[in-house]
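**Student:** Sharing a structure with you now.
Read the figures in this text as sums done on the coordinates, not as results from a lab. Values in this document were obtained by computation on a predicted structure and should not be read as measured data. Cβ sites come from the backbone with ideal geometry, for glycine too, and all protein chains shown count toward neighbours.
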Amino acid sequence: HAKAQGRGAMVRYAPDLRTEQGRRLTLESHLRRAIAQEELFVEYQPKVELRSDTLAGFEALVRWRHPEYGVIAPDEFIPIAEESGMIVPIGEWVLRSAVAQLAAWRDAGLPLAPVAVNLSARQFLQSEVVETVGGLLAESGLAPGLLELELTESVSMADPERSVVVMRGLGALGVMLSIDDFGTGFSSFSYLRRLPLDKLKIDKSFVQDMAHSAESSAIVQAIVAMAHRLKLAVIAEGVENADQVAALRRAECDQIQGFYYSRPLAAADCADFIRQYAANGAGPLKTPQAPG
Ligand code: C2E
Ligand code: MG
Ligand code: MG
Ligand code: MG
């Protein structure tokens, strides 16, 4: 819906950006050239293994540096990319970037930890994602277990039959599969036993409500217990303070991710982070593995 904006906004934005609809259409057309003009980039947010305090891996998060409007967050442009179909080339670009980043760390002699990439519904259901991922891994020579794919519950619910087929294909490649934002979708628990899953990712809304809400706390504990009974690992996202870390430790959550440990990092800063994390007595990281 069109919304009036203040004078400040008028100065910064081109005329057709005065309305939400105008901004959306403009971004959609600009998004088409964003890959070719190298405006997209990826940040990597560390994940920590709670029990051992070791680096568990990273999540790749895409950003768009628009030449006029500055950095645009994925929450704004990913939905536009999904509706326009641009998510397929963009998602493939992110996958390629993440695999190239892992290969660069390997070539620099760094210990390797898995990198997770988000897949959106349209990319998952409408592209040859199994072939794409398989091809990228084969080209790179990386162990498939170093790549993790995060899917939301809505992805698997959009087309359950096709989801099972695609996820089994991805699972057969040896990549790790996790359900993102777990607990926010309208999911049927039956998919948990049909899909070759490795991990559940508890949505940050539960994590951030734990301190004030006995219900959220109970939900977090129940998700961890259920995940473990199903032999799945569980990670909490959006962890911002020490109280949340302590509560998640008590709940026996396996991994955490959030601003408390680190914001998403520029790719160029990750190598230093990996070295520091390894050097500061945080425990051993995985050593580079040959594909097997
Ligand atoms: P997500 O996959 O659930 O990613 C986690 C989001 O939480 C990220 O937001 C991250 O920066 C943010 N976050 C991490 N720690 C904290 C914390 O302690 N507190 C708070 N408040 N937030 C935290 P970001 O990077 O803005 O991404 C938002 C969403 O955009 C992602 O949610 C994901 O759904 C989507 N997205 C990002 N990159 C991609 C991509 O390459 N492909 C697709 N399909 N979607 C992507
Ligand atoms: Mg994610
Ligand atoms: Mg999430
Ligand atoms: Mg999300």
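**Student:** For the stretch 17-56, compute Rh as the Kirkwood radius over C-alpha pairs and then the Stokes-Einstein diffusion coefficient at 10 °C and 1.306 mPa s; write the answer in µm²/s, rounded to an integer.
**Tutor:** It comes out at roughly 119 µm²/s.
**Student:** Here is a further query. For 105, 93, what ranking results if the residue with the fewest other Cβ atoms within 10 Å of its Cβ goes first?
**Tutor:** By the 10 Å Cβ count, ascending, the order reads 93, 105.
**Student:** Could you put 253, 270 in order, starting from the residue whose Cβ has the fewest other Cβ atoms within 10 Å?
**Tutor:** 270, 253
**Student:** Does the chain come out rounded, prolate or oblate, given a ≥ b ≥ c as the square roots of the eigenvalues of its C-alpha gyration tensor, rounded meaning a/c under 1.5 and, failing that, prolate meaning a/b above b/c?
**Tutor:** rounded
**Student:** Springs between alpha-carbon atoms under 10 Å, Gaussian network over the chain: tell me which of 57, 135, 258 tops the mean-square fluctuations.
**Tutor:** It is 135.
**Student:** Defining a contact as two alpha carbons under 8 Å apart and six or more residues distant in sequence, what relative contact order in percent does the stretch 19-105 show?
**Tutor:** 25 percent
**Student:** Name the most mobile residue of 204, 47, 231, meaning the one with the largest mean-square fluctuation, in a Gaussian network model of the chain with Cα contacts below 10 Å.
**Tutor:** Result for the chain, Cα springs under 10 Å: 231 fluctuates most.
**Student:** Between helix 20-34 and the chain, what is the angle of the helix's C-alpha long axis to the longest principal axis, kept within 0 to 90° and rounded to the nearest 10?
**Tutor:** Tilt relative to the chain: about 70 degrees.
**Student:** Sorted from fewest to most neighbouring beta carbons within 10 Å, what does the list 148, 38 look like?
**Tutor:** 38, 148
**Student:** Under a GNM of the chain (C-alpha, springs under 10 Å), which listed residue has the highest mean-square fluctuation: 238, 22, 141?
**Tutor:** 22
**Student:** 222 nm [θ] for the chain, helices only, -39500 (n - 2.57) per DSSP H run of 4+, per residue, to 500?
**Tutor:** -14500 deg cm²/dmol
**Student:** Can you tally the net charge around residue 175? Count Lys and Arg as +1, Asp and Glu as -1, for every other residue whose Cβ sits under 14 Å from the Cβ of residue 175.
**Tutor:** Result for the neighbourhood of residue 175: -2.
**Student:** Give me the base-10 log of I(q)/I(0) for the stretch 11-141 at each q in 0.16, 0.21 Å⁻¹, Debye formula, one uniform scatterer per Cα, rounded to two decimals.
**Tutor:** Debye curve over Cα of the stretch 11-141, log10 I(q)/I(0) at q = 0.16, 0.21 Å⁻¹: -0.88, -1.26.
**Student:** What angle do you read, to the nearest 10 degrees and between 0 and 90, between the alpha-carbon axis of helix 214-229 and the longest principal axis of the chain?
**Tutor:** So the helix axis and the longest Cα principal axis differ by about 60 degrees.
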